[in-house]
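Written below as structure tokens is the structure these notes are about.
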Amino acid sequence: MKKIVLYIVLSSIMSSIITIAAYKQYAKEEPLIFPYTSAKTKLASSDTSSSLVSSAGFPDFTRIVSKTIHAVVNVKNYSKKYNNQFDPFDFFFGFPDDFGNSRGRKPQKNDIPGLHGSGVIISPDGYIVTNNHVIKDAEKIEITLNDQRTYKAKLIGTDSSTDIALLKINEKNLPFIYFSDSNKVQVGEWVLAIGNPFDLNSTVTAGIISAKNRSLGILRGETQSSIESFFQTDAAVNPGNSGGALINANGELIGINTAISSASGNFIGYSFAAPSNLVAKVIQDIKKYGTVQRAYLGVRGMDLSKTEYLKAYNQETHQNIKSQQGFLIGDVFEKSGAADAGLKKGDIIKSIDGKPIQNIADLSFIVGIKYPGDKVKVNIIRNKQKKTFNVILKDFQGRTKIRTKEEITPSELLGAIFDPLSQECKKDFGIGYGIRIREMRTGRLSSIGLEEGDIILSINGEKMKKPNDVDRVLKKYSGDVTIKSIKQNGQVYIAGFEMN
């Protein structure tokens, strides 16, 4: 009897040890990273199937909506830009707070009309992802939860190349949505769009993925290094949905709703969302490094599906390249990864790391989620011969390493290159100091409405007399930054952001 009891005790102890060891190993293999992605949140396939069909045999999304709707918020952009005029193009992105309700009423103090958009809570401690265009030029950003609690949001960072912004509110234990692998999304699968169209909070629409890897050209006005590889859906998305969630049948985030295809500004059949894998890369970089660590292949060219452009190219180069899937290299930039590896003008890129390249959207997405220093295998066709090149990607300045926050200068975080003012320019504007924005890249200045050619007069009250004054004033600085500038039309413009 004693031996039996001893065996039972030993068996229980061994079972406990094995269970604990297995749990530790499981936890070690599947850590939660920002943004949160975990297979443990997925429903079983049979459970998922049943949850999508009602007793009457029709699609039923109630379970999915109940677990996600409270994680989608209303984002309100307070900006003086919208004080005196209404830009019809804003209908494409947001819905003016005072449109149709208060025409003729002069804004009172702290009553500045803004734009409404949407956002998605992606962590329980208050990180929110939205579109850059939703919060662009904002002097104040206000977040309203589904339960009507309101918070002032802190802008952590933006990326105009992908139209993504990361915000933070001071709260805990918030509902949030897990990210899913957008590479696994298939054309034809069910999706839900959740957002605030026309300021109608918590609106849910359903549809399917109707296409992948769409490039619309809508971000090229913001930056020449835009990355567009949208999901196309037929879920109804209207002004105010921008920045909202596109979720799959498991209630996971597969995209951020960004744009609609419409001449009127309202939904007429198709909407477009930035894929979650690209969004995840951008916000991880912003949170960890303060700016996006972008890698470049170092080529420029065109889709071979564009028959008119291809015909013109053939006439110019006296070739007979047929319309096909792939990307035709028109130029290779000096000292780029592509140039170092031996890629040449006229090469046709067919795949990168084994993933087929059908168009520029495929190319920009695959490279867009990489880092400087990453190696990629590029398969091409040159003179009808297949060749393979190993390319080490570089950043815009030709570097092949990821840099920490401490290595990135304030000028780079602002996203601009500056020139000193000429005496003639000072005379024209009637000023004795200032620096001109020569080149604008992705960064804080573009997010607050500054453009190439604008003149920065002061930062935090300190006069800017030469370009390195920017780094001198902002080096190791943390807190509110106020920038006084002169626009190209001579208007004095004051805007700010928070730097950490």
Across the range 99-132, what is the total count of residues that are in contact with a Phe, Trp or Tyr (Cβ under 8 Å, 6 or more places away or on another chain) and modelled with pLDDT under 90? 6
Need the failing condition index for residue 165 against (1) assigned to a loop (DSSP other than H, G, I, E, B); (2) closer than 22 Å to residue 240 by Cβ, just the number. (1)
Taking residue 364 and the conditions (1) of a type in the set (Ser, Thr, Tyr); (2) in contact with a strand residue (DSSP E or B) (Cβ under 8 Å, 6 or more places away or on another chain); (3) open to solvent by less than 30 Å² (accessible area, probe 1.4 Å), which numbered condition does it fall short on, given that it satisfies the others? (2)
Which of the residues that make up the range 437-471 are at pLDDT below 85 and among the polar types (S, T, N, Q)? 442, 446, 447
Just to verify a result, which residue in the range 435-477, among those that are hydroxyl-bearing (Ser, Thr, Tyr) and assigned to a loop (DSSP other than H, G, I, E, B), is most open to solvent (accessible area, probe 1.4 Å)? 477
Cβ contacts < 7 Å: first residue farther than 20 Å from residue 69 by Cα, restricted to the range 129-155; second residue surrounded by fewer than 17 Cβ atoms within 10 Å (Cβ to Cβ) and of a type in the set (Asp, Glu), any location; separation 6+ or different chain. Result? 154/498; 155/498
Taking only pairs six or more apart or across chains, which ones have beta-carbon atoms under 8 Å, a first residue in the range 175-203 that is closer than 18 Å to residue 131 by Cβ and of a type in the set (Asp, Glu), and a second residue that is open to solvent by less than 30 Å² (accessible area, probe 1.4 Å) and part of a loop (DSSP other than H, G, I, E, B)? 199/240
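For the subset of the range 295-325 comprising residues that are part of a loop (DSSP other than H, G, I, E, B) and open to solvent by 90 Å² or more (accessible area, probe 1.4 Å), which member is nearest to residue 401 (Cα to Cα)?
The first filter runs over the range 295-325 and keeps only residues part of a loop (DSSP other than H, G, I, E, B), leaving 295, 297-298, 304-306, 318-325.
Filter again for open to solvent by 90 Å² or more (accessible area, probe 1.4 Å), leaving 306, 318, 320, 322, 325.
Details: 306: 35, 318: 41, 320: 40, 322: 38, 325: 32 Å.
So the residue we want is 325.
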Considering the range 50-74, residues that are at pLDDT 60 or above and either touching a His at 6+ places or on another chain (Cβ under 7 Å) or part of a loop (DSSP other than H, G, I, E, B) (or both), and then whichever is nearest to residue 174 (Cα to Cα), we arrive at 74
Residue 239 fails exactly one of the following numbered conditions: (1) at pLDDT below 85; (2) open to solvent by 10 Å² or more (accessible area, probe 1.4 Å); (3) more than 15 Å from the chain's Cα centre (by Cα). What is the number of that condition? (2)
Before we move on, is residue 284 under 16 Å from residue 372 (Cβ atoms), open to solvent by less than 20 Å² (accessible area, probe 1.4 Å) and in contact (Cβ under 8 Å) with a residue 60 or more places away in the chain? no
Give me the pairs: first residue in the range 297-308 and within 15 Å of residue 350 (Cα to Cα), second residue hydroxyl-bearing (Ser, Thr, Tyr) and assigned to a loop (DSSP other than H, G, I, E, B), beta-carbon distance under 8 Å, and six or more apart or on different chains, which are they? 297/336; 299/336; 304/323; 305/323
Report the residue count in the range 371-430 for those that are part of a loop (DSSP other than H, G, I, E, B), surrounded by 13 or more Cβ atoms within 10 Å (Cβ to Cβ) and not charged (D, E, K, R). 12
Qualifying residues in the range 139-158 (those that are over 25 Å from residue 293 (Cβ atoms) and outside any strand (DSSP E or B)) - the one modelled with the lowest pLDDT: 139
Among the residues of the range 187-218, how many are within 16 Å of residue 242 (Cα to Cα) and among the aromatic types (Phe, Trp, Tyr)? 1
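One line per residue, one yes/no per condition, for (1) closer than 22 Å to residue 216 by Cβ; (2) open to solvent by 10 Å² or more (accessible area, probe 1.4 Å); (3) not polar (S, T, N, Q):
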| site | (1), (2), (3) |
| --- | --- |
| 146 | no, yes, no |
| 150 | no, yes, no |
| 159 | yes, no, yes |
| 164 | yes, no, yes |
| 173 | no, yes, no |
| 184 | no, yes, yes |
| 190 | no, yes, yes |
| 199 | no, yes, yes |
Only residues that are crowded, with 16+ Cβ neighbours inside 10 Å and assigned to a loop (DSSP other than H, G, I, E, B): list them for the range 326-342, please. 326, 336
Taking the range 334-361, which residues are under 16 Å from residue 294 (Cα atoms) and not aliphatic (A, V, I, L, M)? 336, 337
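The values are calculated or read from the model by the stated rules, or taken from the named source; none is laboratory data. Values in this document were obtained by computation on a predicted structure and should not be read as measured data. We place every Cβ from the backbone using ideal geometry, glycine too, and count neighbours over all the protein chains shown. Only protein heavy atoms, including side chains, enter the accessible area calculation; ligands, DNA and RNA are left aside. Shrake-Rupley method; radii C 1.70, N 1.55, O 1.52, S 1.80 Å.
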